[in-house]
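Only one structure is covered here, and it is reproduced in the block below.
The values are calculated or read from the model by the stated rules, or taken from the named source; none is laboratory data. Everything quoted here is computed from the prediction, not taken from an experiment. Positions of Cβ are backbone-derived with ideal geometry, glycine not excepted, and every protein chain shown enters the neighbour counts. All accessible areas refer to the heavy atoms of the entire protein, side chains included, with ligands and DNA or RNA removed. Shrake-Rupley method; radii C 1.70, N 1.55, O 1.52, S 1.80 Å.
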Amino acid sequence: MKQIRFKKDFLFGVATSAAQIEGGAFADGRSASIWDAFAKKPGVIGDGTTPEVSCDFYHNYKEDIALAKRLGIESFRFSFSWSRIFPEGCGKVNEKGLDFYKRVVEELLKNDMVPNATLYHWDLPQVLEEKGGWLNRDIVKWYGEYASVLFREFGDRIPLWATINEPIATYVGYAQGIFAPGHSSELMGRQANHHVLLAHGEGVRRFREENMKDGKIGIVVDVWKHHPLRPENEADCALAELENEKTYRSYLHPVFKGGYTSALLNYMEANHCMPDMQEGDFELIRQPLDFFGLNCYNRVVDCADDTLLEADRKKKRTGGNFQDNGAEFYPRAVYDAIHMLKEDYELSIPIYVTENGTPSYNETPGADGCVHDSNRIQYIRGFLYWIAKALEEGNDIRGYYVWSLLDNWEWNSGFYSRYGLTHVDFETQERTVKDSGKLYSQVIKDKGFELPED
Ligand code: FCB
């Protein structure tokens, strides 16, 4: 047994997002987001569902926050729904929308949970998409206006703010068609990306302008590091390198180094997908941040030869390196990502691991009324082990958030992928804390755990 220990002030939390848990899609003046509109298109969501009701957190928030409290959760990460605050995208504020978040934040504070807010977690108002969405440079202004309202309203109560969650989702929605709004052009994807980065910068600028007392602002980027299957093979290495360029580096470089890498610029030039950029863009994008939000789920292994990749997967599966859900068990991914941030970006601001979790499929309470999700327990312990190791080496990691408190609406896979510490019956809205929820609760209580040597 290995003893894993965390300091008293290390924050243990859960992460959620508006579009995935709130439901109440048209309650109190909210208008549709791009995900409400996208989900209506035939065939785009795995199980054909929409986010219209989901966990109905809009009406159940008190009970769900009480549930989090019972588990001992210390910080609650959530996002604002832009179309609840500005049903017309910009201009007129919907007071009832603001009131909902005032009630949520009040409830969190009453229950001693640190609110951790994200301004944009993928759910652009559909009315703005109709004006070009992330392809229209005016979005920087629209987003700035939205951000300022929230800073003014909540600046005194929310200590942790993120401008954008996983900017890559916008690329996926404009270049690959599988996320909202469903466009499929590499040029659109790169342009949308550039505007998301500008919006991030504008958010930080406005945050500083609002004089936000003790509040801290950062960005949340997901790092799925690509590794070559055969490190000695040139083609595998080139593939993994290019993927790293096109994914997390395309955000980290602009934000921390003030420009795209030459490898990405070459790629965009060669593939005719260079976005329009203007003088001064990178000054806006690259501004000092107070913390970095790291979402980390796994790594990706690349191989130029598909048959070899499949053979390797089979070998790892039988060797115990894969979990029942088919995903590789590689908790060291989080340690690797922290090292990458230090080595490649000389990161010196605190890191929060803002999301980490694993899905199950067809998970329901058994005859004993429990959900025995041993997969998820192994996964969470594994990641915490590597975070503890990075802490021991002196890295400044301030907190860890499990994705997610509840099973919820998982974007294009609908209700099929269940990530919760708590099982949700979407017919009855009944919540059942899974074994992983009980484990996490104990970890928080003890500020650590004993890791079985397996
Ligand atoms: C992350 C997203 C989050 C959720 C988890 C499973 O990439 O930020 O909304 O979908 O994956």
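Within region 168-182, residues that are over 21 Å from LEU198 (Cβ atoms) reach partners that are away from the ligand (no atom under 14 Å from the Cβ) and part of a loop (DSSP other than H, G, I, E, B) with beta carbons closer than 6 Å, at six or more positions or on different chains, in the pairs GLY177/SER184. Please tell me if LYS7 is assigned to a loop (DSSP other than H, G, I, E, B), open to solvent by 10 Å² or more (accessible area, probe 1.4 Å) and either of a type in the set (Lys, Arg) or touching a residue at least 60 places away in the same chain (Cβ under 8 Å) (or both). So LYS7 passes the test.
Taking each residue of region 202-227 that is touching a residue at least 40 places away in the same chain (Cβ under 8 Å) and under 19 Å from HIS253 (Cβ atoms) and looking for partners that are more than 16 Å from the ligand (Cβ to nearest atom) and part of a strand (DSSP E or B) with beta-carbon atoms closer than 7 Å, six or more apart or interchain, yields VAL204/ILE217; GLY218/PHE291; HIS226/ASP302. Within region 116-134, track down each residue that is within 16 Å of the ligand (Cβ to nearest atom) and small (Gly, Ala, Ser). Within region 116-134, ALA117 is the sole residue that qualifies.
Could you list all residues from region 72-97 that are open to solvent by 10 Å² or more (accessible area, probe 1.4 Å), over 26 Å from ASP446 (Cα atoms) and of a type outside the set (D, E, K, R)? Correct list: PRO87, CYS90, GLY91, VAL93, ASN94.
The listed residues are ASP281, ASP344, and the only one of them that is of a type outside the set (Lys, Arg), surrounded by fewer than 20 Cβ atoms within 10 Å (Cβ to Cβ), more than 16 Å from the ligand (Cβ to nearest atom) and in contact (Cβ under 8 Å) with a residue 60 or more places away in the chain turns out to be ASP344. If only residues of region 31-82 that are of a type in the set (Asp, Glu) and in a loop (DSSP other than H, G, I, E, B) are counted, the one that is farthest from LEU135 (Cα to Cα) is GLU74.
Yes/no matrix, rows are residues, columns are (1) touching a residue at least 24 places away in the same chain (Cβ under 8 Å); (2) more than 19 Å from the chain's Cα centre (by Cα); (3) open to solvent by less than 20 Å² (accessible area, probe 1.4 Å):
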{"site": "ALA117", "(1), (2), (3)": "yes, no, yes"}
{"site": "GLY133", "(1), (2), (3)": "yes, yes, yes"}
{"site": "LEU150", "(1), (2), (3)": "yes, yes, yes"}
{"site": "ARG157", "(1), (2), (3)": "yes, yes, no"}
{"site": "ALA162", "(1), (2), (3)": "yes, no, yes"}
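Checking VAL301, VAL371 one by one, the residue that is in contact with a strand residue (DSSP E or B) (Cβ under 9 Å, 6 or more places away or on another chain) and not in a loop (DSSP other than H, G, I, E, B) is VAL301 and no other. For region 404-453, filtered to residues that are within 30 Å of LYS8 (Cβ to Cβ), touching a Gly at 6+ places or on another chain (Cβ under 9 Å) and without any contact (Cβ under 8 Å) to a residue 60 or more places away in the chain, the residue that is surrounded by the most Cβ atoms within 10 Å (Cβ to Cβ) is GLY420. Applying the condition of being open to solvent by less than 60 Å² (accessible area, probe 1.4 Å) and away from the ligand (no atom under 16 Å from the Cβ) to region 239-249 and asking which residue is farthest from the chain's Cα centre (by Cα) yields ALA240. Among residues of region 291-313 that are farther than 13 Å from ARG230 by Cα and more than 16 Å from the ligand (Cβ to nearest atom), those with a Cβ under 9 angstrom from a residue that is hydroxyl-bearing (Ser, Thr, Tyr) and assigned to a strand (DSSP E or B), sequence gap 6+ or separate chain, pair up as PHE291/TYR352.
Any residue at all in region 98-115 that is among the basic types (Lys, Arg), more than 16 Å from the ligand (Cβ to nearest atom) and open to solvent by less than 10 Å² (accessible area, probe 1.4 Å)? No, region 98-115 has no match at all.
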